[in-house]
Amino acid sequence: MSLQTLQDELKFYLDNNPNENSNVKKMLKFLREEKNCFSRSNLKGHFTGSAWIIDDTHEWVLMTHHKKLNKWLQLGGHADENENLLEVAYTEAVEESGLKHFTVISDKIFDLDIHQIPPYKNIPPHYHYDIRYIFKAKMDPDTIIVSRESKDVSWLSKKDVLKKNSEESIERMLIKCEQYR
């Protein structure tokens, strides 16, 4: 994926999600103007790739209880200079869950979000420009491995997700994933 491809994908996403104009425009500006926008060495912020993972029944979501942020989130992480954020999301999902096989439901951007990350050790506060994709996996709790980045990784019933994290972006992804039934 090139910068142009991501720019095109963001414009396609905006065409289909005009109510998210503000975040898309900020991402496009950041992509155009920032060097090293895929590297965590950019202390203003950087792109990340995430996976919203549902099971075959579409009733469960695989989430991680993130250790540093102390909240339940979709799996994902830093691009580390990889411009292919779908690949980043897939790699992070494998690393954070121990699961080896995911079906990419769509290679189009599923959701996006810009959020501030609080300071940690010698890293100042900065922004994550998070590009999210939707995946499917076989629900087998016995095969999950909790990475060192997480307190827990678990399949959560959709009806319980907002009890764990009621942020707007989590609710938005819950709503959006209904169109993939």
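Per-structure values
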read-out: Residue, least open to solvent (accessible area, probe 1.4 Å), within segment 32-68, restricted to residues that are assigned to a loop (DSSP other than H, G, I, E, B) and in contact with a Ser or Thr (Cβ under 8 Å, 6 or more places away or on another chain); value: Glu59
read-out: Residue within segment 85-103 that is assigned to a strand (DSSP E or B), touching a strand residue (DSSP E or B) at 6+ places or on another chain (Cβ under 6 Å), of a type outside the set (D, E, K, R) and open to solvent by 10 Å² or more (accessible area, probe 1.4 Å) present; value: yes
read-out: Options Lys29, Lys71: the member that is open to solvent by 20 Å² or more (accessible area, probe 1.4 Å), at pLDDT 95 or above, within 12 Å of Tyr129 (Cα to Cα) and not hydroxyl-bearing (Ser, Thr, Tyr); value: Lys29
read-out: Index of the failed condition, Asn122 passing every other in (1) modelled with pLDDT under 95; (2) within 16 Å of the chain's Cα centre (by Cα); (3) open to solvent by 60 Å² or more (accessible area, probe 1.4 Å); value: (2)
read-out: Any chance Glu20 is free of Cβ contacts under 8 Å to residues at least 40 places away in the same chain and surrounded by 14 or more Cβ atoms within 10 Å (Cβ to Cβ); value: no
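Each row is one residue, and each column tells you yes or no for (1) touching a helix residue (DSSP H, G or I) at 6+ places or on another chain (Cβ under 7 Å); (2) in contact (Cβ under 8 Å) with a residue 40 or more places away in the chain; (3) among the aromatic types (Phe, Trp, Tyr).
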{"position": "Val94", "(1), (2), (3)": "no, no, no"}
{"position": "Tyr120", "(1), (2), (3)": "no, yes, yes"}
{"position": "Phe135", "(1), (2), (3)": "yes, yes, yes"}
{"position": "Ser147", "(1), (2), (3)": "yes, yes, no"}
{"position": "Cys177", "(1), (2), (3)": "no, yes, no"}
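The values are calculated or read from the model by the stated rules, or taken from the named source; none is laboratory data. None of the values given here were measured: they were computed from a predicted structure. All Cβ positions, glycine included, derive from the backbone under ideal geometry; neighbour counts span all protein chains shown. What goes into the accessible areas is simple: the full protein's heavy atoms, side chains included, and nothing from ligands, DNA or RNA. Shrake-Rupley method; radii C 1.70, N 1.55, O 1.52, S 1.80 Å.
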